[in-house]
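The values are calculated or read from the model by the stated rules, or taken from the named source; none is laboratory data. Source: prediction; values computed, not measured. Cβ atoms come from the backbone with ideal geometry, glycine included; neighbour counts cover every protein chain shown. Each accessible area value is taken on the protein alone, full model and side chains, heavy atoms only, with ligands, DNA and RNA left out. Shrake-Rupley method; radii C 1.70, N 1.55, O 1.52, S 1.80 Å.
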Amino acid sequence: MRVDEPSENQGMIVLQQQMALFDTWVCEVTDQDALVWDADVAPAWCARHLQPSPGTTADLIQLLPYLEYFLTDAAAFWNGAEGATCQSGAFVATDGHDRANEWLLQATATRLGRRRLLYIGPYRAGTEEHREVMQKSRELMLAHEALQQKEAELSLSEARLRGILKVLPDQVFVLRMDGEVLAHAGGPDQADLTGLVIDTVVPELEFIGDTLKLCLAEGSIHTLTFERWIGSAAHYYEARFAPMSVDQVLMVVRDCTRAKTIERVKEEFLAIACNELRAPISGIVGVLEMAREEGLSEESAHWVGLGLESANRGLNLIHRLLDLKRIESGAQKFSRHRIAADKLVMEGLAQCCAVAEKAGRVIKRGVFESGLMVLADPDAVRQVLVMLVTNALKFTPEDEPIVVETRRWEGFARVSICDRGPGVRKKDQARLFEKFAQLEDGRSREEGAGLGLSIARAIVERHQGRIGVEADPDKAPGSTFWFAFPLL
Amino acid sequence: MLQKKVCLLGSFSVGKTSLIAQFVHGIFGEKYLTTIGVKIDKRRVTTEKGETTLVIWDLNGQDDLQKVRLANLRGSSGFLFVVDGTRPATLNVVLELDALVQREMGALPRLLLLNKCDLQDEWLLEASRVEELRAAGWHVKRTSAKTGEQVAEAFGALAEMMVR
Ligand SMILES: Nc1nc2c(ncn2[C@@H]2O[C@H](COP(=O)(O)OP(=O)(O)OP(=O)(O)O)[C@@H](O)[C@H]2O)c(=O)[nH]1
Ligand SMILES: [Mg+2]
């Protein structure tokens, strides 16, 4: 089918429309042919110089598939009034598969006699600006959705937290640096304490200012204990502080009265039991010693010997427990001598070395810094040293030496005993110094060794000192036990 | 050759454009470029009944049903409804769109795609909800336009349903 030549007049109309829609293609289409002119050369077409590129309607649809639907959609319109126009939806044409090279187009159709004129140009609303606004609004909507989701999650987790706080026996406070209560939960009284200063709520916490500052400055957790007399009974509390933000601290107050009471009862029971057991076991030891004097047969002597050994072990354990009790309770008095740490340790080591050499073992001396003066009871320090050295020898293979050193360490004189044993595991390190600590690897209180560490700790603590162990068996064998006394 | 028009419908940013880009060109982009209007792609698939060309219409995500241009859906033989598994609200949009399409065009082959299944940690659609949908007659596939998981399978399954 041939396309009619456009008349002069009609050409003018097309031109005008083209000017309005700059960047527009104009096509003449029938159901089979399509003649495509480029907008840029349209004025020339008007002057009849244009060579339009001919093709089929199918070619055009191949280029812009959306048009197929527009052309069929607009079919009703083709039969409509002369000169009326009809617009397609917006559609995207791409240059390859690059999404950045998309153009958003729209087609407008006009019926002019037998010809159907199609103007294809940028979608009016589809300018770069429009796209940007759409993109932004989509992104905003996404952000809004995400926010709503977060809010829902937050309110759920808040409800959970409130539930947890309700069932906890502890009282929880959020404190500002100056001690003002910003929020609180739990505890016996339901009164609103917000806005009050903490020492009006808990008078015993009058001096926590420094703790709060320290907690915030170091970012670490601190613990304070205090007692309160209610009627004639003492109640014990523990307050823990953890930093929350730049100037806010979380404080959790727990009533430890029950735990304290149980601990006291346990201690008392232990003391009574030890005292009660000491007399009969001493009796057994005495009687067995007498029996040994009586010219026994070789077999009887063997049995009596074994019995005596066991009884002595029991007695020894009881004595150690009583020692520990005495030291912990403060009943044991320590002398206080100004003394050089290196000298004190050297003397103590002389004693250990004699025993070690007899057993064919080696104790090496590492660095001994001189002039580290401490205030201590020499006998007690020697007891700690001997205890730790004996312990180290016990766990080190026979052909390995142990090394003892004395150095200055942050305001302390620190004595370390380094062994080549299997190494104390991280999770056991804290419990090691507790009474009767039974460690998971079975390294336990052989011969009261566990008690020995508890006694050592009690002695060191009575001297305001520190004691500890360093080891990382996963990395290297061996443990370093150390104790430190404050420098004068 | 047989041609079948397929429309992808769903809320904005659920991954309609990405699913098509993965299926037709085998590519994926992280950047979100919202679609405005319509974009059409084609790909040939082989079904039990022989070769078919899928003419795939990528429509911009429409939450507002009034704005869905029904004219764009005309001539469709099937629909892929797309949900973003990390945004459960996008499932409600799809269910409303489906009701609209059923009302206007009758029952046509359709598949429900739970997209972005690579984002396991952020996945919020509960398994029980998905079971309910299956029980209600939906064909459901968990897809990822990013990894390509189940993408070709989804288009293939819809093609089979359309030529049957
Ligand atoms: N991780 C992941 N991201 C995806 C997946 N599909 C799409 N996306 C991302 O999601 C965002 C939106 O993807 P589009 O394909 O543009 O979404 P659309 O449905 O076409 O969005 P509208 O055109 O706005 O309706 C983009 O940033 C994509 O990279 C998917 O399967 N996994
Ligand atoms: Mg899109």
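When only residues in segment B:1-20 that are basic (Lys, Arg) and more than 9 Å from ligand 2 (Cβ to nearest atom) count, which is most open to solvent (accessible area, probe 1.4 Å)?
Filtering first and then ranking leaves B:Lys4.
Would it be correct to say that A:Gly121 is on the phi > 0 side of the Ramachandran plot and not in a helix (DSSP H, G or I)?
It is false that A:Gly121 is on the phi > 0 side of the Ramachandran plot and not in a helix (DSSP H, G or I).
Looking only at segment B:31-53, filter to residues that are farther than 26 Å from A:Phe70 by Cβ and open to solvent by 20 Å² or more (accessible area, probe 1.4 Å); which one of those is farthest from the other protein chains (Cβ to nearest Cβ)?
This residue is B:Glu48.
Which condition number in (1) within 20 Å of B:Val151 (Cβ to Cβ); (2) within 11 Å of another protein chain (Cβ to nearest Cβ) is the one that B:Phe28 fails?
Every condition holds for B:Phe28 apart from (2).
Restricting to segment A:205-260, name every residue that is among the aromatic types (Phe, Trp, Tyr) and at pLDDT below 85.
Result: A:Phe207, single match.
Hey, among the residues in segment B:109-118 that are touching a residue at least 40 places away in the same chain (Cβ under 8 Å) and part of a loop (DSSP other than H, G, I, E, B), which one's least open to solvent (accessible area, probe 1.4 Å)?
B:Pro109
If you take the residues in segment B:30-52 that are within 14 Å of B:Ser18 (Cβ to Cβ) and not in a strand (DSSP E or B), which one is farthest from ligand 2 (Cβ to nearest atom)?
So the residue we want is B:Glu30.
Please go through segment A:310-347 and pick out each residue that is open to solvent by 30 Å² or more (accessible area, probe 1.4 Å), modelled with pLDDT of 90 or more and closer than 22 Å to A:Gly283 by Cβ.
Within segment A:310-347, A:Ser310, A:Asn312 meet the criteria.
Can you tell me which residue in segment B:119-129 is nearest to ligand 1 (Cβ to nearest atom), limited to those that are assigned to a loop (DSSP other than H, G, I, E, B) and within 14 Å of another protein chain (Cβ to nearest Cβ)?
Ranking the candidates gives B:Leu119 first.
When you scan segment A:170-177, do you find a residue that is more than 26 Å from the chain's Cα centre (by Cα) and among the charged types (D, E, K, R), even just one?
No: zero hits.
Collect the residues in segment B:114-163 that are over 18 Å from the mean Cα position of the chain (by Cα) and of a type in the set (Ser, Thr, Tyr), keeping them in residue-number order.
Result: B:Ser128, single match.
Can you give me the number of residues within segment A:258-286 that are in contact (Cβ under 8 Å) with a residue 24 or more places away in the chain and within 27 Å of A:His222 (Cα to Cα)?
Here the count works out to 2.
Under 9 Å between Cβ atoms, which residue pairs at least 6 apart in sequence (or on different chains) link something in segment A:127-139 that is more than 9 Å from chain B (Cβ to nearest Cβ) and on the phi > 0 side of the Ramachandran plot with a partner that is outside any helix (DSSP H, G or I) and not aromatic (Phe, Trp, Tyr)?
That search, which allows pairs on different chains as well, returns nothing.
Scanning for something farther than 30 Å from A:Cys274 by Cα, among the charged types (D, E, K, R), in contact with a helix residue (DSSP H, G or I) (Cβ under 6 Å, 6 or more places away or on another chain) and surrounded by 16 or more Cβ atoms within 10 Å (Cβ to Cβ), does segment A:357-367 turn up at least one residue?
Yes, segment A:357-367 has at least one match.
Matching residues to (1) open to solvent by 40 Å² or more (accessible area, probe 1.4 Å); (2) of a type in the set (Asp, Glu); (3) at pLDDT below 80:
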{"residue": "A:Ala93", "(1), (2), (3)": "no, no, yes"}
{"residue": "A:Gly96", "(1), (2), (3)": "yes, no, yes"}
{"residue": "A:Gln106", "(1), (2), (3)": "no, no, no"}
{"residue": "A:Tyr123", "(1), (2), (3)": "yes, no, yes"}
{"residue": "A:Ile164", "(1), (2), (3)": "yes, no, no"}
{"residue": "A:Asp178", "(1), (2), (3)": "yes, yes, no"}
{"residue": "A:Val181", "(1), (2), (3)": "no, no, no"}
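Within 23 Å of B:Leu112 (Cβ to Cβ), out of contact with any helix residue (DSSP H, G or I) (no Cβ under 8 Å at 6 or more places or on another chain) and either at pLDDT below 90 or in a strand (DSSP E or B) (or both): is that true of B:Val55 in this structure?
The answer is yes for B:Val55.
With the condition kept exactly as written, say whether any residue in segment B:58-67 is touching a residue at least 60 places away in the same chain (Cβ under 8 Å) and either within 10 Å of ligand 1 (Cβ to nearest atom) or open to solvent by less than 50 Å² (accessible area, probe 1.4 Å) (or both).
no
Of all residues in segment A:447-488 being of a type in the set (Asp, Glu) and assigned to a helix (DSSP H, G or I), which is surrounded by the most Cβ atoms within 10 Å (Cβ to Cβ)?
A:Glu461
I'm trying to understand the selection: among the residues of segment A:400-432, which are within 16 Å of A:Leu453 (Cα to Cα) and in contact with a Ser or Thr (Cβ under 6 Å, 6 or more places away or on another chain)?
A:Val415, A:Ser416, A:Cys418, A:Asp419, A:Gly423, A:Val424
Going through segment B:77-99 one residue at a time, which ones are buried (at least 16 other Cβ atoms within 10 Å of the Cβ), among the acidic types (Asp, Glu) and more than 16 Å from ligand 2 (Cβ to nearest atom)?
B:Asp98
Residue pairs, Cβ under 6 Å, 6 or more apart or interchain, first in segment A:63-80 and modelled with pLDDT of 75 or more, second of a type in the set (A, V, I, L, M) and open to solvent by less than 40 Å² (accessible area, probe 1.4 Å). List them.
A:Leu64/A:Ala93; A:Pro65/B:Ile40; A:Tyr66/B:Val38; A:Tyr66/B:Ile40; A:Leu67/A:Ile61; A:Glu68/A:Ile61; A:Phe70/A:Ala107
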